[in-house]
1. Take region 17-26 and flag every residue that is part of a helix (DSSP H, G or I), touching a residue at least 40 places away in the same chain (Cβ under 8 Å) and either on the phi > 0 side of the Ramachandran plot or more than 10 Å from ligand 2 (Cβ to nearest atom) (or both).
2. Identify, by number, the condition in (1) outside any loop (DSSP other than H, G, I, E, B); (2) more than 15 Å from ligand 1 (Cβ to nearest atom); (3) of a type outside the set (S, T, N, Q); (4) open to solvent by 10 Å² or more (accessible area, probe 1.4 Å) that A132 doesn't meet.
3. Quick one: I80 ticks every box in (1) of a type in the set (A, V, I, L, M, F, W, C); (2) more than 19 Å from T127 (Cα to Cα); (3) open to solvent by 70 Å² or more (accessible area, probe 1.4 Å) except a single one, so which number is it?
4. Identify all residues within region 115-129 that are hydroxyl-bearing (S, T, Y) and part of a loop (DSSP other than H, G, I, E, B); write none if there are none.
5. Return yes or no: is V62 of a type outside the set (K, R), more than 16 Å from ligand 1 (Cβ to nearest atom), buried (at least 21 other Cβ atoms within 10 Å of the Cβ) and more than 21 Å from A173 (Cβ to Cβ)?
6. Among L29, L70, which is in a strand (DSSP E or B) and open to solvent by 10 Å² or more (accessible area, probe 1.4 Å)?
7. From the list D14, D7, D42, which one is within 16 Å of ligand 2 (Cβ to nearest atom), assigned to a helix (DSSP H, G or I), of a type outside the set (K, R) and in contact with a strand residue (DSSP E or B) (Cβ under 9 Å, 6 or more places away or on another chain)?
Amino acid sequence: MKKIILDCDPGHDDAMAILLAHGSPEIELVAITTVAGNQTLDKTSLNARRVCTVAGIRDVLVAAGCDRPLIRELKTAAYIHGESGLDGPSFGEPTVALDPRHAVDLIIELLMQSNGDITLVPTGPLTNIAMAVRKEPRIIQKAREIVLMGGAYTRGNTTPAAEFNIYVDPEAAAIVFTAGWPLTMVGLDLTHQALATPAVLQRIAALGTPVSRLAVQLMEFFRETYRRNSGFDSPPVHDPCAVARVIDPKVMHCVDAFVAIETHGEFTSGMTVTDFSGRLGPTNAQVATKLDVARFWDLMVDAIERIGAPAVRAS
Ligand code: BDR
Ligand code: CA
């Protein structure tokens with residue numbers, strides 16, 4: 001079993017990442033930590049607890065972290081994820097509580113107590129991870145690796161140059177990308193191949209469980225906002241791609257590169273400048289390029305099926 005800490009900002013696709021991690025036998029989900037990003041921290045934390053409640057996730061620590069980027073004002077993505085950050089389904093009162101520890105302290109504690117076998121999987125802005133690195137730099141050696149959803153080498157989605165997670169907190173991203181740990185960047189180039197098509201949604205709907213209904217409702221809302229804002233017919237389901245890479249590294253092809261984070265550019269702030277040719281510097285990242293689409297959706301559907309029908313239902 002591969003242990004992971006999922007550091008997220010749910011978020012529709014973050015919710016899918018939680019489901020994939022929880023429902024996959026290859027993964028031990030040690031903690032879910034939350035960060036401000038798609039919505040404010042109070043909302044992303046509530047949403048993590050909501051998803052855990054519907055999916056019956058009771059034995060996983062859930063802790064809230066940083067409520068704003070290191071330096072900049074928070075910019076959220078309500079235009080994609082709605083006012084709640086998880087618009088679409090209706091939820092009852094969550095029955096999963098938050099751990100009292102700050103997510104940054106929890107990440108440090110878990111890594112420092114580990115045998116070096118925990119992988120960090122951030123799927124939101126990198127604020128918590130950067131803070132943890134600054135507070136306890138020994139976690140860089142302790143983490144097995146970091147596999148993050150963020151960045152891109154061909155395009156942005158928030159500006160022409162920048163992907164949302166990196167755009168929100170480029171200073172944090174710069175700390176994480178220069179820390180010197182094994183890092184995989186699962187960016188838009190890859191995640192735009194993971195489209196929740198009608199055929200995929202039919203497969204998930206056919207499972208007929210509360211969790212499958214939740215997943216379908218989330219993806220239907222996501223499809224509408226992606227259609228309106230970005231002209232996609234089917235929405236790209238970014239965040240579970242990073243979890244899938246941990247479950248089965250062969251699910252995507254990666255290429256070594258030097259990745260620098262642009263923190264100053266007038267038009268390019270938050271860009272992940274990716275050099276595959278070694279001109280700018282030595283390799284500091286494996287960069288995901290090509291997804292085995294069928295394998296990815298098999299992992300996702302199987303995970304949702306395995307979660308089955310937990311006792312607590314979405315209302
Ligand atoms: C990333 O931004 C967020 O809106 C998604 O949850 C994902 O992590 C994609 O750019
Ligand atoms: Ca996210």
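1. Within region 17-26, L19, L20, A21, H22, G23 qualify.
2. (4)
3. Looking at each condition in turn, I80 falls short on (3).
4. T123
5. Here the answer is yes, as V62 does meet what is asked.
6. L29
7. Exactly one residue qualifies, and that residue is D14.
Residue by residue, here is whether (1) out of contact with any helix residue (DSSP H, G or I) (no Cβ under 6 Å at 6 or more places or on another chain); (2) open to solvent by 60 Å² or more (accessible area, probe 1.4 Å); (3) under 30 Å from Q217 (Cα atoms) holds:
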position	(1), (2), (3)
E262	yes, no, no
G270	no, no, no
V273	yes, no, no
V287	yes, no, no
R295	no, yes, yes
A303	no, no, yes
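The values are calculated or read from the model by the stated rules, or taken from the named source; none is laboratory data. What you see is a predicted model; the values in this text were computed from it and never measured. Neighbour counts are summed over all protein chains in view; Cβ atoms, including those assigned to glycine, are modelled from backbone coordinates with ideal geometry. Heads up: the accessible areas ignore ligands, DNA and RNA and are worked out on the full protein's heavy atoms, side chains in. Shrake-Rupley method; radii C 1.70, N 1.55, O 1.52, S 1.80 Å.
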